[in-house]
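The values are calculated or read from the model by the stated rules, or taken from the named source; none is laboratory data. Since we're looking at a predicted model, the values are computed, not measured. Heads up, the Cβs are rebuilt from the backbone with ideal geometry, glycines too, and the neighbour counts pull from every protein chain shown. The accessibility values were calculated without ligands, DNA or RNA, using every heavy atom of the protein model including side chains. Shrake-Rupley method; radii C 1.70, N 1.55, O 1.52, S 1.80 Å.
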Amino acid sequence: MEIIQVVGLGLVTTFLILVIKEQKPVFAFLLATFVGIIIFISLVGKISEVIGVLENLAHQAHVNNLFLETILKIIGIAYIAEFGAQVTRDAGQGAIASKIELAGKILIMVMAIPIITVIIETIMQILPS
Amino acid sequence: MIEWLGDWLKQVILLILIAAFIDLLLPNHSLDRYVKLVMGLLIIMAILSPIFHLLSKDLDLSRIAFGTMNPTGKGMEPISQIREDSAKVKHSQTEQIRDRSEQAMAQEIKDQINRHFHITVADADVTLAQKENQWEIRQVRILLEEGKADENPANPAMKPIEPVHIQVGDESPQRAKNDEQQRIGERISRFIADSWDLAPDQIIVTFTQPDG
């Protein structure tokens, strides 16, 4: 049911943008961004359900909190970066979109730095100096 | 141990499942490689977590060794307690040895008297005493049964004992009997003193009191 709503909203918006684009291209971009945000927010609830299930499972299995936190942060960064990049790409700013994606990639790598540090330190401890 | 292993395995399996799930959730493939790298590191962390645990605590080998040596979980008793216990055990052992020696000697004395004098010994009691780390006999008490004295036929040097006549109301037979008993007692006493290398005053020979 929800997918029909989302697709319907998208089709209507596309139609409207096609009409407005000839007159006011700025408003067309605004409309596209706005609808994009609405669709994203409507799906956030669904994603939170999935994340809740994952969290529950992790707590039952006594997974380290650090692992779960990192994973969830990675998902969030990936989604937000992807959303921003697409919006800017729609506006014709491919360069900015790629910068947003780069920021997303770098932030995800920063998440990994503490884990890499711990692993390398452990290997150094195990190996005889 | 098994519980801990199960926990660890659950953690690894769940992390792998979540990683697969996140792979599906990711919006596009440009971030795929990065997320996969981080997830891979996380899974390695989870697999290595027992080693981290081991390294984070300072491994104390002596503690582990003593832990296995003492399965009751109680700490070792202090040295003074151990010494006290050992002294107690030693003392009880000495007591036991003394009791056994006394019993054996008493039995031996009984048998000797029986063999040489044919007198039934009602009771023999040997008292041992320790003197400068050596045990020696302090006293020997022998209780003989009255009227059972009999001369050993194999030993002709000894005089046959006169049969005891009892005359009620007359004093002299009683005295004669006492003399007789005293004589036998002295002989037994001398014999035991010779054979056990004791002083005669260490040996006390008595007779059972007549019934009634």
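When the accessible area of chain A is split by element with a 1.4 Å probe, what percent falls to carbon and sulfur?
Percent of accessible area from carbon and sulfur atoms in chain A: 72.
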A chain fully extended from A:Lys21 to A:Asn65 at 0.36 nm per residue, minus the present Cα-Cα distance, gains in nm 11.0 nm
Checked against a 31 Å limit on the C-alpha separation, the offending pairs among A:Lys21/A:Lys73; A:Lys46/B:Lys10; A:Lys99/B:Lys36; A:Lys99/B:Lys10 are A:Lys21/A:Lys73; A:Lys99/B:Lys10
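Could you tally the net charge around B:Arg98, taking each other residue with its Cβ under 14 Å from the Cβ of B:Arg98, Lys/Arg +1 and Asp/Glu -1?
Values: positive: B:Lys90, B:Arg100, B:Lys131, B:Arg138; negative: B:Glu95, B:Asp99, B:Glu102, B:Asp125, B:Glu136.
Every neighbour counted, the sum reads -1.
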Other residues with Cβ under 14 Å from the Cβ of B:Val38 give, with Lys and Arg +1 and Asp and Glu -1, a net charge of +1
Here the gain from full extension of B:Leu54 to B:Asp179, 0.36 nm per residue of separation minus their alpha-carbon distance, amounts to 35.8 nm
Note on the stretch A:58-75: residues buried by at least 20 Å² of accessible area once partner chains are added (vs chain on its own, 1.4 Å probe) come out as A:Ala61, A:His62, A:Val63, A:Phe67, A:Ile71, A:Ile74, A:Ile75
Using a 1.4 Å probe on heavy atoms of the protein chains only, the accessible area for A:Ser98 in Å², nearest 10, reads 50
Computed for B with A: buried accessible area summed over both chains, 1.4 Å probe, rounded to 100 Å², at 2900
The summed charge of the A:Gln60 Cβ neighbourhood (under 13 Å; Lys/Arg +1, Asp/Glu -1) stands at -1
If unit charges are put on Cβ atoms (+1 for Lys and Arg, -1 for Asp and Glu) and the dipole of chain A is taken about its Cα centre, the option from A:Leu72, A:Met111, A:Leu18 lying farthest towards the positive end turns out to be A:Leu18
Put A:Glu55, B:Glu180 in order of accessible area, largest first, probe 1.4 Å, and you get A:Glu55, B:Glu180
Residue span B:Leu5 to B:Thr208: 0.36 nm per residue of separation minus Cα-Cα distance leaves a gain in nm of 65.0 nm
